[in-house]
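Read through the structure below, which is laid out as structure tokens, and then see the notes.
The values are calculated or read from the model by the stated rules, or taken from the named source; none is laboratory data. Bear in mind the structure is a predicted one, so any value in this text is a computation, not a measurement. In this analysis, Cβ positions are derived from the backbone assuming ideal geometry, glycine residues included, and neighbour counts consider all displayed protein chains.
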Amino acid sequence: MRFRPLLLALALTAPLPVGAQGDSETVVAGLSQNEVSITARFSGSEIMVYGAVKRYAPPPSAPPLEVIVTVEGPLAPVTVRKKNRRYGLWINTEAVEIDAAPSFYAVATTGLLSDVLSDTDDLRYKVTIPRAIRAVGIAGEAEDAPSFTDALIRIKAEQGAYKLSQNAVSLTQDTLIRTDVALPANLIEGTYKVRIFLTRGGRVIDMSENEIDVRKEGLERWLTNLAHNEPLAYGLLSLAIAALAGWGASEAFRTRRA
Amino acid sequence: MQIYLPIAEVSVNAYVLLGLGGIVGFMSGMFGVGGGFLITPLLFFIGIPPPIAVATGANQVVASSISGVLAHLRRRTVDFRMGIVLTISGLIGSTIGIYVFSKLSALGQVDLLIQLSYVVFLGFIGLLMLQESLRAMNRNRKMAKAGATAPRRAHEHLLVHRLPLKMKFRTSGLYISVIPPIAVGAFVGFLSAVMGVGGGFIMVPAMIYLLGMPTKVVVGTSLFQIIFTSAYTTVAHATTSFSVDMALALLLILGGVIGAQLGAQVALRLKAEQLRILLALLVLAVAAKIALELVLTPTEFYSLSVARS
């Protein structure tokens with residue numbers, strides 16, 4: 001009787017041809033942490049993404065096995081505005097509404113991205129930064145719509161919110177996968193999606209998906225909730241703090257002088 | 001020391017915020033301006049999202065104004081009667097201003113309107129004050145050389161003396177019509193709602209040049225009025241756009257209240273004309289910076305605005 005759960009587990013896991021059929025390689029992945037707490041002293045977090053390649057047959061000799069890891073923050077619509085000179089002044093004249101852009105996006109690979117992933121599979125799995133931005137139907141919004149998505153990527157990259165790190169994933173003996181992803185201090189709350197892709201010859205042969213739950217904790221949580229649920233009380237509390245601080249400083253300086 | 005701001009959702013250095021609050025508080029105590037026209041652009045600069053910078057700036061202005069008013073109160077340089085008249089009319093003006101602001105936002109280009117009104121009003125008032133205070137300083141210098149005292153101008157008849165509904169403002173030593181203070185208060189309230197500032201930089205010169213109030217009383221009275229207008233703005237922002245960041249405000253306030261006390265002490269050692277020259281230069285500097293932003297070719301032509309959940 002004792003063996004039954006073990007046997008059952010074996011029976012369930014053994015014949016699991018996950019991923020593209022016919023391929024005998026699958027990825028098993030994990031994260032050093034599935035939750036990130038944002039407290040007042042939060043200054044960024046380092047997440048270790050690790051994994052192993054499972055095989056049911058000897059690996060093919062060529063093309064070589066490659067790994068891509070992506071971390072994607074919550075999506076939100078973004079308006080990109082462009083300034084032009086009008087009457088000698090630089091004024092926002094054009095705007096393009098991008099349906100959904102991730103607040104954070106990091107791609108790490110074992111090799112050059114162009115070698116590791118084909119355009120077809122990039123399109124299918126939305127792996128690279130330009131593909132991760134959902135900018136459908138923006139062509140009609142401005143004369144030069146693609147330059148607006150380029151600008152979005154450029155500005156986000158300057159802020160450290162979009163990162164491409166080639167050769168940053170280590171793959172040991174075609175089996176053990178490891179990379180570290182640094183989440184910046186300016187992190188937005190939400191669910192962060194972590195994906196690990198195995199590719200051969202630019203084709204995705206398997207993928208695994210994990211999630212990191214980023215939430216505010218303690219005082220940060222309490223203040224955010226109060227601000228949204230009891231805005232009047234929050235506003236009055238802000239005023240009370242201001243009044244108290246103003247009065248306190250005034251008293252402190254008076255007693256010091258006296 | 002990095003700190004994560006819960007509403008702004010950005011991480012910033014706490015000491016930078018304390019320092020910013022201190023500088024603005026110092027100006028506030030010294031000149032009787034709330035400092036909104038300084039704090040808001042400074043917060044943009046360190047990466048705080050604009051709506052949060054505007055709303056939280058208003059909250060910090062409340063604290064530094066209270067601290068400053070208490071210092072002036074002990075010197076009896078607050079004209080309460082004038083302050084109450086200005087406050088009531090100011091609240092009416094800002095209610096109209098908030099309405100106009102929302103209408104203009106719907107039309108787009110509200111940013112440009114804010115920038116242009118900063119340049120026009122700050123530039124105009126700065127130049128006016130600079131010219132007048134330089135003239136006053138030269139006059140005093142000549143008087144001192146001649147060994148004579150400045151002539152009293154107590155019975156100069158301005159427009160404020162001719163209008164009806166006269167009221168006595170004892171602290172200011174004025175017996176003038178109540179209509180000009182109401183107009184000034186309402187206009188400043190309106191502008192401050194549209195521009196997202198307390199409006200001290202308009203109020204102070206208006207009190208001196210339009211109402212003829214003595215400079216020493218102007219500072220305390222202006223701060224008194226600013227407390228109420230910026231408190232109103234803070235609550236309005238907190239309830240409509242949830243954009244007041246209490247953690248950010250607290251750090252700015254801690255720096256600000258101390259700065260305001262120091263500023264008020266420095267103000268005592270300076271002559272009225274010197275104070276006005278300094279304020280004029282500061283106002284002109286901010287106007288020039290915003291004007292340059294509009295005129296010079298930017299390094300980045302594109303800007304992002306993320307929809308907030």
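List of remarks:
- Residue check, B:Ile52 touching a Ser or Thr at 6+ places or on another chain (Cβ under 8 Å), within 12 Å of B:Leu251 (Cβ to Cβ) and modelled with pLDDT under 85: no
- Selection from the stretch B:1-48 of residues that are within 26 Å of A:Leu236 (Cβ to Cβ), modelled with pLDDT of 80 or more and not in a helix (DSSP H, G or I): B:Ile3, B:Tyr4, B:Leu5, B:Pro6, B:Ile7, B:Ala8, B:Glu9, B:Val10, B:Val12, B:Ile48
- Residue selected from the stretch A:39-53 under the condition in a strand (DSSP E or B) and among the aliphatic types (A, V, I, L, M), by the criterion farthest from the other protein chains (Cβ to nearest Cβ): A:Val53
- Residue list for the stretch A:191-235, filter: facing chain B (nearest Cβ under 7 Å) and not in a strand (DSSP E or B): A:Glu220, A:Leu223, A:Thr224, A:Ala227, A:His228, A:Pro231, A:Leu232, A:Tyr234, A:Gly235
- Lone qualifier among A:Asp144, A:Asp121 - being at pLDDT 90 or above and over 30 Å from B:Ile7 (Cα atoms): A:Asp121
- Top-ranked residue in the stretch B:130-173 [being hydroxyl-bearing (Ser, Thr, Tyr) and surrounded by 10 or more Cβ atoms within 10 Å (Cβ to Cβ); ranked as modelled with the highest pLDDT]: B:Ser133
- Residue identified as within 22 Å of B:Ala249 (Cα to Cα) and modelled with pLDDT of 90 or more among A:Leu232, A:Leu198: A:Leu232
- From B:Phe26, B:Phe44, residue being under 19 Å from B:Gln265 (Cβ atoms) and of a type in the set (Phe, Trp, Tyr): B:Phe26
- Lone qualifier among B:Leu248, B:Leu268, B:Leu292 - being within 13 Å of another protein chain (Cβ to nearest Cβ), under 18 Å from B:Phe45 (Cα atoms), out of contact with any helix residue (DSSP H, G or I) (no Cβ under 7 Å at 6 or more places or on another chain) and part of a helix (DSSP H, G or I): B:Leu292
- Test: residue in the stretch A:178-196 that is crowded, with 16+ Cβ neighbours inside 10 Å, more than 22 Å from A:Val36 (Cα to Cα) and within 20 Å of the chain's Cα centre (by Cα): no
- Residue selected from the stretch B:13-42 under the condition without any contact (Cβ under 8 Å) to a residue 40 or more places away in the chain and among the aliphatic types (A, V, I, L, M), by the criterion surrounded by the fewest Cβ atoms within 10 Å (Cβ to Cβ): B:Val16
- Number of residues in the stretch B:232-245 that are surrounded by fewer than 24 Cβ atoms within 10 Å (Cβ to Cβ) and aliphatic (A, V, I, L, M): the value is 2.
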